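The values are calculated or read from the model by the stated rules, or taken from the named source; none is laboratory data. The structure displayed is predicted, hence computed values, not measured ones. Counting neighbours? That spans all protein chains shown, and the Cβs are built from the backbone with ideal geometry, glycine included. Calculation scope for accessible area: heavy atoms of the full protein, side chains included, ligands and nucleic acids excluded. Shrake-Rupley method; radii C 1.70, N 1.55, O 1.52, S 1.80 Å.
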Amino acid sequence: MSDVRYPFTAIVGMADLRLGLLLNAVSPAVGGVLVRGEKGTAKSTMVRALAGLLPSIAAVTGCRFACDPSAPDPQCPDGPHADAGSHERLAQLVELPVGVAEDRIVGSLDLERALAEGVKAYEPGLLAKAHRGVLYIDEVNLLQDHVVDLLLDAAAMGRSYVEREGVSVRHAARFLLVGTMNPEEGELRPQLLDRFGLTVEIAATRDPAERADVVRRRLAYDADPAGFAARFAEEETALAERITAARELLPEVALTDVALRQITAVCAAFEVDGLRADIVMARTAVALAAWDGRTEVLEEDVRQAARLALPHRRRRNPFDAPGLDEEQLDRTLEEHSQADDPEPEDDGPGPDGGPDDGPGPEGGPDGGGPDGGGAPEPSDGGAPEASDAPEASSTDGDDRPQQPVPAQHPSPARESTPVAAGDPYRTKLFTVRGTGHGAQGRRSPAETTGGHTVRARRPQGALGRLHLTATLQAAAPHQVARGRSGRALVLKKDDFREQVRQGRESNLVLFVVDASGSMAARQRMTAVKGAVLSLLMDAYQRRDKIGMITFRGAGAELALPPTSSVEVGAARLETLPTGGRTPLAEGLLRAHEVLRVERLRDPNRRPLLVVVTDGRATGGRDALARSHRAAALFAAQGTASVVLDCESGPVRLGLARTLAGQLGGTAVSLDELRAEGVASLVRENRGDNRPAAVRATRATTLRKAA
């Protein structure tokens, strides 16, 4: 690979990504950029090219933390820097590998020297190296959550903290944060998405001429990197000078009251959580004005800031796709574009409606009118349209109703149009028996790098987290024999003990879903899909991998290979058709094969099998017996399993519970799946039935006890 970076100005298209990166170069306080896009779209190339445009920095000579000589960090571990010299150097681009450990990020302490010599021997990590430069995280969605939390905390506070075994180190860590991700490989949690200032969605151009230009330039760069870079040297220099000029102009940009009101109105209109979006939008709008060489924020700056700062904050649940309603944005900006309202506002009801004085009886201050962003009125009194009826529905999976439709005598022998899932809810926690060693997550007990300490052991390889008490206990009996004379302990390698911590791991949750004709009743399938969607959301929150197998007709299909993207699983569930016979044995055998392959790929990730069925088996000769023999394969391997019993009606055969017994697992009905079904009912009954005097006496007793 050539040491000559691909020129930033040579990249074709991707205007939003270009702008987002440049705005963060002008004002790192914007909070970084999250780049979401398909593979092969030059995400990494553009980020690396940006680093070559950043102005050089002055750093204290000999400081490993790149302290600014004009304002050195008073807590710098290499300080104080009162009389130190300085030198100019380029801003650093630090790339974070996917499998990076926490100690490599924040730095590590030489614990042997700390105990034996009483000194803080600290080796800086990647955060120190990235200070005043660029920290680039490729595939940020594949990092463990606690690592992402650590990075985003440092980016927000501008400081890194290392606290281990009573030794504390702090140093400045201010950098331009850029993360890239492919949504097909899984999403970040909304809490982590919110911590990125801006987000940009990119995709490869479909224009043949542009694609040809991209290929032509890439081939020219590969053939002669230096010569190709020289062709764009003048443009690169001009862009770098513009970044420097915008940085110098940034403190002079004024955020007017009108612009600030537009920012807060937009955030309120789009119902974003918290106030971080307002702050990020304000900083982005100011940076946009400085980038254009202006000293005042305009409405267009606010509009562009909203397009970059709000889409990833609009997600109401993990399966929502990021996005922004441009028409609603324009309406909100127009409503708050004046410095002073033409008429005084009146909070009370009046004969003329709300302040917009719009036509129609619904144009009140609550936004129910045509300009208020409320729900549209039904044109026919709320009656369903003809296209929603089963007899008018197509079977191609694209013309499906958006709301559950009452069952109208479905025929189980024929394929039915996919129906929408019911509303998701919080489910019971299902775990895998025993203690695992898989990737850190939130489901089953496991030995992990986090969690609470349960015991000590001799190090297995490099020393991890030191167990101080156990180490001292191991070394204490030998101090006289080792000739200890001073305060420092005489330690040997065999004395050290490391902590064994128990937390929770993520699992592979494999869904085996019955899509046969016996599940085709619309109300029933709506409830079943709602249950599976709830379990998918639970898997998302617990950081599991998921897979999905469906069986109907003559066989089983791997609808979703094991992946971290539960969003794809939700999409496949939504379009799942039903109909035909019930080849339960084929579904279980396909699941057994999938788990066998996954066990070879990732032996530490333990599986949890979730079978969604009523237990019937009608596919082929001796279908029920074959399904029980297939289930026995999982029981023999000790695979944790749950059967979601979908049987309904007054007469029940109990086949699903029999299947759970063959699997060696647990059977749970749809009603039992809810986490707070019985408990909340008991609480409500207790709260409603107790006399007022009893409740008052109880409240007085609690206050006295407090």
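Based on this model, can you work out whether Gln328 counts as assigned to a helix (DSSP H, G or I), at pLDDT below 90 and surrounded by 13 or more Cβ atoms within 10 Å (Cβ to Cβ)? Spelling it out, Gln328 is indeed assigned to a helix (DSSP H, G or I), at pLDDT below 90 and surrounded by 13 or more Cβ atoms within 10 Å (Cβ to Cβ). So which residues in region 238-255 are part of a helix (DSSP H, G or I) and either of a type in the set (A, V, I, L, M, F, W, C) or loosely packed, with under 14 Cβ neighbours inside 10 Å (or both)? Residues satisfying the conditions are Ala238, Leu239, Ala240, Glu241, Ile243, Ala245, Ala246, Glu248, Leu249, Leu250, Pro251, Glu252.
When region 52-82 is filtered for residues that are under 13 Å from Ala172 (Cβ atoms), out of contact with any helix residue (DSSP H, G or I) (no Cβ under 6 Å at 6 or more places or on another chain), open to solvent by less than 50 Å² (accessible area, probe 1.4 Å) and among the hydrophobic types (A, V, I, L, M, F, W, C), the ones remaining, listed by number, are Ile57, Ala59, Val60, Cys63, Ala66, Cys67, Cys76.
Considering only residues of region 501-543 that are open to solvent by 10 Å² or more (accessible area, probe 1.4 Å) and basic (Lys, Arg), which is nearest to Asp145 (Cα to Cα)? Once the filter is applied, the top-ranked residue is Arg543. Out of all the residues in region 83-98, which are open to solvent by less than 40 Å² (accessible area, probe 1.4 Å) and in a strand (DSSP E or B)? Leu93, Val94, Leu96, listed by residue number.
Regarding Arg487, is this residue basic (Lys, Arg) and either surrounded by fewer than 18 Cβ atoms within 10 Å (Cβ to Cβ) or more than 41 Å from the chain's Cα centre (by Cα) (or both)? For Arg487, the condition - basic (Lys, Arg) and either surrounded by fewer than 18 Cβ atoms within 10 Å (Cβ to Cβ) or more than 41 Å from the chain's Cα centre (by Cα) (or both) - is met.
Where helices (runs of 4 or more DSSP H) fall wholly inside region 99-184, the ranges with 2 or more residues that are modelled with pLDDT of 75 or more, open to solvent by 30 Å² or more (accessible area, probe 1.4 Å) and not hydroxyl-bearing (Ser, Thr, Tyr) are 102-106, 145-157.
Restricting attention to region 256-308, the residues that are outside any helix (DSSP H, G or I) and either surrounded by fewer than 21 Cβ atoms within 10 Å (Cβ to Cβ) or under 28 Å from the mean Cα position of the chain (by Cα) (or both) total 13. Any chance region 432-439 includes a residue that's under 32 Å from the mean Cα position of the chain (by Cα), open to solvent by 50 Å² or more (accessible area, probe 1.4 Å), under 28 Å from Asp149 (Cα atoms) and free of Cβ contacts under 8 Å to residues at least 24 places away in the same chain? No: region 432-439 contains no residue that is under 32 Å from the mean Cα position of the chain (by Cα), open to solvent by 50 Å² or more (accessible area, probe 1.4 Å), under 28 Å from Asp149 (Cα atoms) and free of Cβ contacts under 8 Å to residues at least 24 places away in the same chain.
Residue selection: Glu447 satisfies the criterion of being of a type in the set (Asp, Glu) and modelled with pLDDT of 85 or more. The set of residues in region 187-215 that are closer than 21 Å to Asp278 by Cα and assigned to a helix (DSSP H, G or I) comprises Pro190, Gln191, Leu192, Leu193.
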